[in-house]
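Asks: Attaching a single structure in structure tokens format; questions to follow.
The values are calculated or read from the model by the stated rules, or taken from the named source; none is laboratory data. If you're wondering where the values come from, they're calculated on a predicted model, not measured in any experiment. All Cβ positions, even for glycine, are placed from backbone atoms using ideal geometry, and neighbour counts span all protein chains on display. These area figures cover heavy atoms from the full protein model, side chains too; ligands, DNA and RNA do not enter into them. Shrake-Rupley method; radii C 1.70, N 1.55, O 1.52, S 1.80 Å.
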Amino acid sequence: MAVMKMLEGMRVLVLGAGGFVGSAICRELRKQGAIVQGFGRNITYGDSIEDEILWTNGNLSDDMALSKAIVGQNIVFHLINSSLPESSNHNPASDLSANTLPTLSLLELCKNEGVKKIVFASSGGAVYGIPEKTPIPENAQTDPISAYGISKLSIEKYLNLYYRLYGLNYHIFRVANPYGPYQSPFRKQGVIAVTMHRILNNLPIEIYGNDKIVRDYVYVDDVARLLVSGIEYNGEHRVMNVGSGIGLSIDDVITQIEKTLRVSKQSRNYRSYRAADVPISILDISLAKHEMNWSPQVSLADGLARTANWMKSSFSKN
């Protein structure tokens, strides 16, 4: 019996398709039968998607390339961001010019082309800032402590504005800390990928601030599954958290990674606290559970095992 593909024939543009989360979304879209157009500077994780999608080279500020890619698309996923929370504070204006303003041009193009919906990957930690309580619900105060978070929140507001002015539909997902295969261990983001790579290469683990900082970790395929389901969601809630709903300290995560890799406790180098890091971030995911009938399916133990298997074959000797 053939598997029913919910998005059969739908044309979907994924901005940032070559990245970690973007490639997972492309795989999920193809599984659901969508015709996927990828857009980005390069296919970083091309071995996982390059034979499954169409591709356009370009960046978010390239209006000409973007305009061509949008033609005929039903849905647009916006996953491109050119900064990280800490680096964004070194030059706050760069986030405005590289992320917020190009997104306004994107919204104009989508409006003019008749795109049905934009699905935007926002930040489940950066937009809230230091929370008053945890788990953090979607209606919590938003007070970012990084230019990165301000940019994400600004884009959320502009999405709402374009909906009110022009009826351009949207869905915002505030994503916690995704992890899994294909996440680069060479960026200053993604503690699981970075830590696992360092252990596999007999390097000391680097910790910023202290190992009691608490985060919410969610497996990337669970993220992709929810974001793709946002295409057909027609309820009243346009902003949803995406996470596990469970808080783990850096020490907890390192211990679990050591257990997964079957190694003894590794040496740790402690570095200065980063101003953009909040001490605790755990997301309330009850809204997505209720509205989307979604919950994370991959446990931390299983997710770490899958990540370790991939990393051993890809990066253990780098």
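Asks: Search the stretch 1-29 for residues being open to solvent by 80 Å² or more (accessible area, probe 1.4 Å) and among the basic types (Lys, Arg), and hand back the single one that is modelled with the lowest pLDDT.
Replies: Result: 5.
Asks: If residue 79 satisfies all but one of (1) closer than 18 Å to residue 26 by Cβ; (2) open to solvent by 70 Å² or more (accessible area, probe 1.4 Å), what's the number of the condition it fails?
Replies: If we test residue 79 against (1) closer than 18 Å to residue 26 by Cβ; (2) open to solvent by 70 Å² or more (accessible area, probe 1.4 Å), just (2) comes out false.
Asks: What single numbered condition from (1) open to solvent by 70 Å² or more (accessible area, probe 1.4 Å); (2) in contact with a strand residue (DSSP E or B) (Cβ under 7 Å, 6 or more places away or on another chain); (3) at positive phi fails to hold for residue 245?
Replies: (1)
Asks: How many residues are outside any strand (DSSP E or B) and surrounded by fewer than 19 Cβ atoms within 10 Å (Cβ to Cβ) when one looks only at the stretch 268-283?
Replies: Qualifying residue count, the stretch 268-283: 6.
Asks: Residues that are open to solvent by 30 Å² or more (accessible area, probe 1.4 Å) and touching a strand residue (DSSP E or B) at 6+ places or on another chain (Cβ under 6 Å): does the stretch 249-267 have at least one?
Replies: Yes; the residues of the stretch 249-267 include at least one that is open to solvent by 30 Å² or more (accessible area, probe 1.4 Å) and touching a strand residue (DSSP E or B) at 6+ places or on another chain (Cβ under 6 Å).
Asks: Still on this structure: Would you check if there is a residue in the stretch 131-146 being more than 16 Å from residue 242 (Cβ to Cβ), part of a helix (DSSP H, G or I) and aliphatic (A, V, I, L, M)?
Replies: no
Asks: Let me ask you something else. Only residues that are in a helix (DSSP H, G or I) and either touching a helix residue (DSSP H, G or I) at 6+ places or on another chain (Cβ under 6 Å) or open to solvent by 60 Å² or more (accessible area, probe 1.4 Å) (or both): list them for the stretch 105-130, please.
Replies: Those that are in a helix (DSSP H, G or I) and either touching a helix residue (DSSP H, G or I) at 6+ places or on another chain (Cβ under 6 Å) or open to solvent by 60 Å² or more (accessible area, probe 1.4 Å) (or both): 105, 107, 108, 109, 111, 112, 113.
Asks: All but one of (1) within 30 Å of residue 106 (Cα to Cα); (2) in contact with a Phe, Trp or Tyr (Cβ under 6 Å, 6 or more places away or on another chain) hold for residue 143; state the number of the condition that does not hold.
Replies: Failed condition: (2).
Asks: Within the stretch 298-318, track down each residue that is assigned to a loop (DSSP other than H, G, I, E, B), in contact (Cβ under 8 Å) with a residue 24 or more places away in the chain and either hydroxyl-bearing (Ser, Thr, Tyr) or touching a Lys or Arg at 6+ places or on another chain (Cβ under 8 Å) (or both).
Replies: 298, 316
Asks: Given the residues 286, 295, which is the only one that is more than 18 Å from residue 190 (Cβ to Cβ), open to solvent by 30 Å² or more (accessible area, probe 1.4 Å) and touching a Lys or Arg at 6+ places or on another chain (Cβ under 6 Å)?
Replies: The conditions single out 295.
Asks: Of everything in the stretch 39-71 that's within 28 Å of residue 94 (Cα to Cα), of a type in the set (A, V, I, L, M) and surrounded by 15 or more Cβ atoms within 10 Å (Cβ to Cβ), which residue is modelled with the lowest pLDDT?
Replies: 43
Asks: Return yes or no: is residue 94 over 23 Å from residue 8 (Cβ atoms), in contact with a Phe, Trp or Tyr (Cβ under 7 Å, 6 or more places away or on another chain) and surrounded by fewer than 23 Cβ atoms within 10 Å (Cβ to Cβ)?
Replies: no
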